[in-house]
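Undergrad: Dropping the structure in here first, questions after.
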Amino acid sequence: MESTAEPRRRDAAGTRAAILASARRAFAASGYDGAGVREIAAGAGVTAMLVNRYFGSKEQLFAEVVADTMADPVILAPENLASPTIARDLASALVGLTAAGAGPLDGFLILFRSSSSPAAARIAREQIARIHHKTATGAVRAAHAPERAALLLSLVAGVQMMRQMIALEALADADPDILVGILAPIVAQLLGIEADSIAR
């Protein structure tokens, strides 16, 4: 019995992963409203019925995709949060992430292209609150931590949009060291830490 059950588990896991990967590509390219279940199913080599069987609905699939994109953070990475120069490291990560030629992260594209959908916005809000906002709040060392964390996330999203998506010249063509030098004290202020502790 065990020898036949194991391949089934692997197939189920593989199918689920293929659907998630296809959905991630589709939502990043077209947003929540623009990506259809049939398109996602075709990209995974399965039927739309199977997508619904595994995830229940397009909304539930979207929620899992958004959560998946947040599972391995680049800016709020554990090593950055544990660094004695956290403000500068977070600023450096943000500037590096949005460097010229760097492709926007799937997670950002998905949220950027899905924000006009009320359903997608609700799901994104729930996932951001559960994952990124919770993580950022834990890094704040001052009063009003939730508000400070939300402002930090807004700063990150704004830089991603203006430097990477809009490519505002003053940001897109700026010297990275200059941007880090300006951003680091702002990040320190939001985290409630002493600016003097930022390595220069």
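The values are calculated or read from the model by the stated rules, or taken from the named source; none is laboratory data. Not measured: the values here are computed from a predicted model. Note that each Cβ is placed from the backbone with ideal geometry, even for glycine, and that neighbours are counted across all protein chains shown.
Yes/no per residue for (1) over 16 Å from Val140 (Cβ atoms); (2) small (Gly, Ala, Ser); (3) modelled with pLDDT of 95 or more:
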{"residue": "Phe55", "(1), (2), (3)": "yes, no, yes"}
{"residue": "Glu59", "(1), (2), (3)": "yes, no, yes"}
{"residue": "Ala63", "(1), (2), (3)": "yes, yes, yes"}
{"residue": "Ala71", "(1), (2), (3)": "yes, yes, no"}
{"residue": "Ala77", "(1), (2), (3)": "yes, yes, yes"}
{"residue": "Asp89", "(1), (2), (3)": "no, no, yes"}
{"residue": "Ser92", "(1), (2), (3)": "yes, yes, yes"}
{"residue": "Gly96", "(1), (2), (3)": "yes, yes, yes"}
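Undergrad: Moving to a separate point now. Give me a count of the residues in region 151-168 that are without any contact (Cβ under 8 Å) to a residue 24 or more places away in the chain, under 17 Å from Gly107 (Cβ atoms) and of a type outside the set (Ser, Thr, Tyr).
TA: Result for region 151-168: 1.
Undergrad: Separate question: Of the residues Ser154, Ser115, only one is surrounded by fewer than 20 Cβ atoms within 10 Å (Cβ to Cβ), hydroxyl-bearing (Ser, Thr, Tyr) and at pLDDT 95 or above; which?
TA: Result of the check over Ser154, Ser115: Ser154.
Undergrad: Now a separate question. On the basis of being over 30 Å from Gln189 (Cα atoms) and exposed (fewer than 13 other Cβ atoms within 10 Å of the Cβ), does Arg53 make the cut?
TA: Answer is yes for this residue.
Undergrad: What residue, among those in region 95-111 that are touching a residue at least 24 places away in the same chain (Cβ under 8 Å) and surrounded by fewer than 18 Cβ atoms within 10 Å (Cβ to Cβ), is farthest from the chain's Cα centre (by Cα)?
TA: Across region 95-111, the extreme among qualifying residues is Ala100.
Undergrad: Of everything in region 156-180, what is closer than 13 Å to Gly96 by Cα and in a helix (DSSP H, G or I)? Give them in sequence order.
TA: Val156, Val159, Gln160, Arg163, Gln164, Leu171, Ala172, Pro176, Asp177, Ile178, Leu179, Val180, listed by residue number.
Undergrad: So if I check each of Ser83, Ser92, which one is over 9 Å from the mean Cα position of the chain (by Cα), outside the structural domain of Ile19 (by TED's automatic domain parsing) and part of a loop (DSSP other than H, G, I, E, B)?
TA: None of the others qualify; the one that does is Ser83.
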